[in-house]
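Chemist: Right, I'll just put the structure down here and ask away after.
Nothing in this text is a laboratory measurement; each read-out follows from the coordinates by a stated rule. All values reported here derive from a predicted model rather than from experimental measurement. Ideal geometry is used to build each Cβ from the backbone, glycine not excepted, and the neighbour counts take in all protein chains shown.
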Amino acid sequence: MNKKITVIRGDGIGPEIVNEAIKVLDKTAEKFGHSFEYTDILMGGCSIDAYGVPLTDEAIATAKAADAVLLGAIGGNTSTSPWYKLAPELRPEAGLLKIRKELGLFANLRPAVLYDELKFACPLRDDIIGEGFDMMIMRELTGGLYFGERKTETVNGLETAVDTLSYNENEIRRIARRGFDIAMKRKKKVTSVDKANVLDSSRLWRKVVNEVSKDYPEVELEHMLVDNCAMQLVRDPKQFDVILTENMFGDILSDEAAMVTGSLGMLASASLNDTKFGLYEPSHGSAPDIAGQNKANPLATILSASMMLRFSFDMDKEADAIDNAVKQVLNEGYRTGDIMSEGMTLVGCKEMGDLVAGRI
């Protein structure tokens, strides 16, 4: 099978970590009889330097013509980089918002996995961690407070700000279906998170999720209020499989789940539209302080590439091969600096990519 992948290496450590992900993808393609065709585009600071904007229309057209997009990282040091002296719509991160909108990427997937080999990094007690945990945060990405109408005005002599939280049933239904579809590939449990005891939008959310669940009789559905979910993530993270929620709740809960794993350098992510198309990227930033030093951890990007195979290309066996290779390398004691511990073997970014590719 041949697939076209648009590659955005980006800024900082982006080019380094993407190189290693492509190395692993090529090894996987060789083993399983596939071919991947890569086309590079610029986005972020490198695009500003080249074209004066964080993302060009030509780059968007190239991305739309592909089967998926693989992204490294964008941006720089917000206090020293000249990119952050520009107007907000011209800064590196504006390119990310633009590509999400142009590609219709409404479903954000952020897995939070605690590997046995990295339990030392988890801030929770051993009796809470148990045998580890593996959950998927499914966040609606294009609605809610972040995209609703907003205004700031003077009312009765007081400066007043208003943000509108709005969802319609179709927006909820499409993210719910994607959440249940993902659950079918996992442990078949969905925890839908809302604030239905207070918010009308959450009451509609719960109603529509219940309707969608009827089409997935194999999947267990539970509802949980967002404040309780925040508590349960640190009380018993093992209980979760797929957490399905709206934009702002998902933004907060996914960062909490990331902290519980203790290793941001291990966390992949995906943003999907209503087809199989998706944009895949690590959850961490561009780390400009270590760029070009062979110190970056490429595993989150490699695991993002695995998600691309699984969710955009339906290559589950191939994705399993990458996931298992990462676990094997960790089990053998190899670590980049960010996850290093006593008794382990320190390796650089390129070496880690070689190790994972060698175990496909």
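Chemist: Tell me which lysines have Cα within less than 28 Å of Lys350's Cα, excluding those fewer than 8 residues away on the same chain?
Modeler: The reachable lysines, counting only those whose Cα sits under 28 Å from Lys350, are Lys3, Lys4, Lys23, Lys27, Lys31, Lys119, Lys295, Lys317, Lys327.
Chemist: If I histogram all Cα-Cα distances within the chain using bins 20 Å wide from 0, what percent of pairs lands in each bin?
Modeler: Calculated over all Cα pairs of the chain, the distribution is 29, 59, 12, 0 percent.
Chemist: Only Cα pairs within less than 10 Å get springs; with that Gaussian network setup on the chain, which residue of Leu145, Leu86, Leu103 has the largest fluctuation?
Modeler: So, out of Leu145, Leu86, Leu103, the one fluctuating most is Leu86.
Chemist: Show me 242-251, 150-159, 34-43 ranked by packing, highest mean number of other Cβ atoms within 10 Å first.
Modeler: 242-251, 34-43, 150-159
Chemist: Semi-axes of the equivalent ellipsoid of the range 142-275: what are they in whole Å, largest first, if each equals the square root of 5 times a C-alpha gyration tensor eigenvalue?
Modeler: 28, 19, 14
Chemist: Once whole DSSP H runs in the chain are found, which of them have Cα atoms spread over 15 Å or more along the helix axis and a mean Kyte-Doolittle score of at least -0.5? It would help to have the intermediate numbers written out before the result.
Modeler: Numbers: long enough: 14-32 (27 Å, -0.23); 92-103 (17 Å, -0.30); 169-184 (22 Å, -0.66); 200-213 (20 Å, -0.74); 247-261 (21 Å, 0.45); 299-311 (18 Å, 1.48); 316-331 (22 Å, -0.64).
Result, helices passing both filters: 14-32, 92-103, 247-261, 299-311.
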